[in-house]
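The next block holds one structure in the form of structure tokens; read it before the comments.
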Amino acid sequence: MKEKNLLRREIEKYMRIPFYPVLFLLVMNGIVYGIDVTGGAVVSVFLVAYLGVCAYVYMRKRSNMISDLVSYSFAQGSIQSELIKDLAVPYTLVDVTGRVLWSNRAFYEIVKSDKQHMRKHIQNIFTDITLELLQMEPEEDNRRIVHIFQGNRNYRVEIHRVGLDNLLSPELSGTQEEALFAIYLNDETELVDALAEKEKIKLVAGHIYIDNYEEAMDSVEEVRRALLVALIDRKITKYMQTAEAIIKKLEKDKYIFVCQQQYLEQLQQGKFSLLDEVRSINIGNRTPVTLSIAIGIDPDDDNYTTSYEYSHMAMDLALGRGGDQAVVKKGDKIIYYGGKTQSAEKNTRVKARVKAHALKELLVTKDKVIIMGHKKPDIDCLGSAIGIYRLAAMMDKKSHIVINEITSSIRPAMNSFLGNSMYPDDMFYNSEQALEAVDPNTVVIVVDVNRPTYTECEELLAHTKNIVVIDHHRQSGEIIEHATLSYIEPYASSACEMVAEILQYSMDKPKLRPAEADAMYAGILVDTDNFVTKTGVRTFEAASFLRKAGADMTRVRKAYRSDMESYKQLSEGVARAEIYMDNFAISDVPTEGVDSPTVLAAKVANDLLDVDNVRASFVLSKIDNVVYISARSIDDVNVQVIMEHFGGGGHGTVAGAQLKDLTIEEVKRQIRELLTTMWAEGDF
């Protein structure tokens with residue numbers, strides 16, 4: 001009714017317009033009288049006639065015209081209302097509380113309801129359209145677009161915010177915060193299905209490498225080698241046929257394949273059983289055959305060149321982690337499968353020699369060397385850094401080792417260098433000093449770690465393009481990018497073993513001082529748990545080299561003995577252990593009065609492996625707000641794969657992780673749940 005009165009007043013204004021020129025006509029009539037009386041009289045007659053006609057029309061036709069115009073206007077509004085009701089696009093109007101106020105027929109058809117049952121909250125109709133979603137800040141043009149799934153259909157939902165001040169007069173609208181929400185639904189089920197089908201048939205590129213081809217061939221009689229190769233080819237071809245893949249053998253130990261993405265999901269569900277099938281081949285070969293499978297997917301585009309490059313990156317990761325596993329790289333997301341067996345030691349030293357010469361050539365062109373390990377360094381980290389320091393010194397290069405904290409595990413070795421007149425005062429730098437010293441002609445060498453966030457000073461990596469990585473831990477998705485030289489060998493027992501080999505190939509007659517040889521020997525000793533874990537022929541050869549260089553086993557043993565209080569703390573950690581599922585030991589160590597809880601946890605984890613039937617141990621320690629996990633294994637359990645679930649890493653028998661904002665008991669519960677799940681899925 002109010003809108004009708006407002007429209008009536010507007011129409012009356014337009015009908016009075018013919019009376020407004022009368023004033024001008026009267027003035028003109030007076031001017032004409034002044035010029036000529038007869039002319040003025042004639043004009044007056046016409047002026048009176050004009051006023052009469054206007055008055056007649058206004059008085060006689062006014063009510064009819066207003067009624068007709070108002071009726072026509074509202075007839076047009078009714079037509080528009082009917083058109084909106086019949087609109088093919090489902091449309092509804094809700095208030096700020098989410099209550100449905102009005103809907104068109106298409107909306108009723110979607111929700112299969114009628115007007116009598118529609119006065120309810122929109123979330124009761126579409127569970128994904130919540131009150132919080134309505135109250136969120138609009139994206140642009142006062143609207144927000146979301147995609148929902150309801151009743152086996154996909155909808156694109158447009159939510160328009162309409163302020164009441166745009167619909168009513170200010171005195172009626174209330175506050176500007178009051179609003180209505182117009183919701184439009186667009187059925188995009190067919191579009192979503194088409195995109196999903198397109199995603200399924202997208203091609204992915206992959207590689208298959210035989211990790212230990214030469215070793216496997218050497219371990220079988222010569223007359224059986226052709227049969228072994230044929231069996232491997234048959235297993236691989238038959239397996240890839242199940243995925244309708246095109247596979248081509250490039251070299252004796254390398255394959256390339258292409259398949260549709262829908263079949264990749266099938267391979268992933270089977271956890272790439274080809275790894276186990278090939279490993280089970282036994283025709284007298286003493287060395288099991290292992291494969292590395294790498295697959296690349298470009299998630300953003302159908303660029304097969306990018307997918308091919310991703311597959312190469314995935315293969316580098318698989319080989320860097322020791323092989324016998326599948327790696328799927330989809331953009332920045334990386335998924336690992338397998339990796340159950342321990343890395344087999346390579347008898348050939350070709351790679352070590354090549355890397356050693358490459359490192360020497362790089363150092364020749366640089367003036368300064370900065371060596372950096374991981375946070376809370378252990379003796380393997382320090383020993384390998386000392387070895388690189390000696391290499392730089394033999395090449396007359398100024399070098400520094402970055403250490404921010406001297407832990408109890410490295411204090412005996414540090415005492416041999418700090419205050420020693422044979423070593424400069426600036427041998428050790430903290431992070432601030434290293435950042436000030438680095439320049440474009442400096443090479444940064446990272447030892448015993450390959451994850452940038454775990455290094456002593458991550459910012460240092462961004463200040464130079466000359467980066468060398470030497471590590472024995474398996475690679476994860478987080479890597480040090482743009483490294484000039486990367487030497488990562490998961491089969492090595494320790495970083496000190498790798499550096500010892502580098503020293504032998506870099507110099508004709510490398511000379512180590514006794515303190516340096518002791519530090520490197522201690523690094524091997526601790527990481528192998530006294531030559532018990534991950535010890536190969538090359539480990540003993542490296543130890544022999546260090547022994548000849550002056551390492552004294554008795555001196556090292558005396559330097560790293562525990563005091564009585566530490567031994568009691570170690571015993572307490574063992575006493576706290578629980579045996580879970582008859583195969584796993586889980587414990588924690590005290591932190592009060594302990595100089596280095598993480599080192600104590602590692603010792604407890606090693607000791608728990610001496611308990612009968614224990615295949616893996618997990619010992620926790622808490623420093624500040626971070627829970628550290630030390631994981632060790634003695635059997636076929638790959639603790640590195642387990643620790644990756646917690647964002648950590650390492651290698652097959654020695655690994656760890658760090659978790660923030662959790663208690664010891666919460667982490668223990670997560671470990672139990674993960675072990676239960678992995679056991680049920682056959683991962684052990």
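Residues are listed down the side, and each one gets a yes or a no for (1) under 26 Å from VAL220 (Cα atoms); (2) out of contact with any Ser or Thr (no Cβ under 7 Å at 6 or more places or on another chain):
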site: VAL258; (1), (2): no, yes
site: GLN266; (1), (2): no, yes
site: ASP276; (1), (2): yes, yes
site: ASN285; (1), (2): yes, no
site: GLY296; (1), (2): no, no
site: ASN303; (1), (2): no, yes
site: ALA314; (1), (2): no, yes
site: LEU317; (1), (2): no, yes
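If you scan region 387-406, which residues turn out to be surrounded by fewer than 20 Cβ atoms within 10 Å (Cβ to Cβ) and in a loop (DSSP other than H, G, I, E, B)? Can you show your working first?
Just the residues of region 387-406 that are surrounded by fewer than 20 Cβ atoms within 10 Å (Cβ to Cβ), to begin with: 393-398, 404-406.
Within region 387-406, MET395, ASP396, LYS397, ASN404, GLU405, ILE406 meet the criteria.
Number of residues in region 159-196 that are modelled with pLDDT under 80, of a type in the set (D, E, K, R) and not in a helix (DSSP H, G or I): the value is 3.
Scanning region 640-651 turns up no residue that is in contact with a Ser or Thr (Cβ under 8 Å, 6 or more places away or on another chain) and either at pLDDT 85 or above or closer than 27 Å to MET564 by Cβ (or both).
Quick grid of which residues meet (1) free of Cβ contacts under 8 Å to residues at least 12 places away in the same chain; (2) buried (at least 20 other Cβ atoms within 10 Å of the Cβ):
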residue: CYS259; (1), (2): no, yes
residue: GLN268; (1), (2): no, no
residue: ILE283; (1), (2): no, no
residue: PRO288; (1), (2): no, no
residue: LEU291; (1), (2): no, yes
residue: PRO299; (1), (2): no, no
residue: THR306; (1), (2): yes, no
residue: ALA314; (1), (2): no, yes
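In summary, THR554 fulfils each of the numbered conditions (1) under 41 Å from the mean Cα position of the chain (by Cα); (2) among the hydroxyl-bearing types (Ser, Thr, Tyr); (3) under 30 Å from LYS509 (Cα atoms) with the single exception of condition (1).
Could you please let me know if ARG224 is of a type outside the set (Asp, Glu), assigned by TED's automatic domain parsing to the domain that holds THR290 and in contact with a Pro (Cβ under 6 Å, 6 or more places away or on another chain)?
Working: of a type outside the set (Asp, Glu): yes; assigned by TED's automatic domain parsing to the domain that holds THR290: yes; in contact with a Pro (Cβ under 6 Å, 6 or more places away or on another chain): no.
So ARG224 does not fit the description; no.
Candidates in region 320-339 are the residues that are within 14 Å of ILE479 (Cβ to Cβ) and at pLDDT 85 or above; of these, the one that is nearest to the chain's Cα centre (by Cα) is LYS329.
Within region 389-407, residues that are in contact (Cβ under 8 Å) with a residue 60 or more places away in the chain sit with their Cβ atoms under 7 Å from residues that are of a type in the set (D, E, K, R), at 6+ positions apart or across chains, in these pairs: ARG390/GLU516; THR407/LYS376. In region 516-523 there is no residue matching the filter, namely being at pLDDT below 85 and under 21 Å from MET395 (Cβ atoms).
How many residues, within region 111-130, are at pLDDT below 75, closer than 16 Å to VAL157 by Cβ and hydrophobic (A, V, I, L, M, F, W, C)?
The initial filter retains those residues of region 111-130 that are at pLDDT below 75, namely 111-121, 123-124, 127-128, 130.
Those left that are additionally closer than 16 Å to VAL157 by Cβ: 111, 121, 123-124, 127-128, 130.
Checking the rest, the ones that are also hydrophobic (A, V, I, L, M, F, W, C) come to 111.
Count: 1.
Screening the candidates LYS622, LYS668 for the property of being in contact with a strand residue (DSSP E or B) (Cβ under 8 Å, 6 or more places away or on another chain), of a type in the set (Lys, Arg), in a strand (DSSP E or B) and more than 22 Å from ARG474 (Cβ to Cβ) yields one hit, LYS622. Scanning region 76-108 for residues that are exposed (fewer than 12 other Cβ atoms within 10 Å of the Cβ), outside any loop (DSSP other than H, G, I, E, B) and of a type outside the set (Gly, Ala, Ser), we see that the one that is modelled with the lowest pLDDT is GLN76. Checking ALA551, ALA543, ALA585 one by one, the residue that is at pLDDT 85 or above, part of a helix (DSSP H, G or I) and of a type outside the set (S, T, N, Q) is ALA543 and no other.
Every residue in region 526-538 that is surrounded by fewer than 24 Cβ atoms within 10 Å (Cβ to Cβ) and of a type outside the set (Gly, Ala, Ser), please. Residues satisfying the conditions are VAL526, THR528, ASP529, ASN530, PHE531, VAL532, THR533, LYS534, THR535, VAL537, ARG538.
The values are calculated or read from the model by the stated rules, or taken from the named source; none is laboratory data. Note that this is a predicted model, so its numbers are computed, not measured. Cβ: placed from backbone, ideal geometry, glycine included. Neighbour counts: every protein chain shown.
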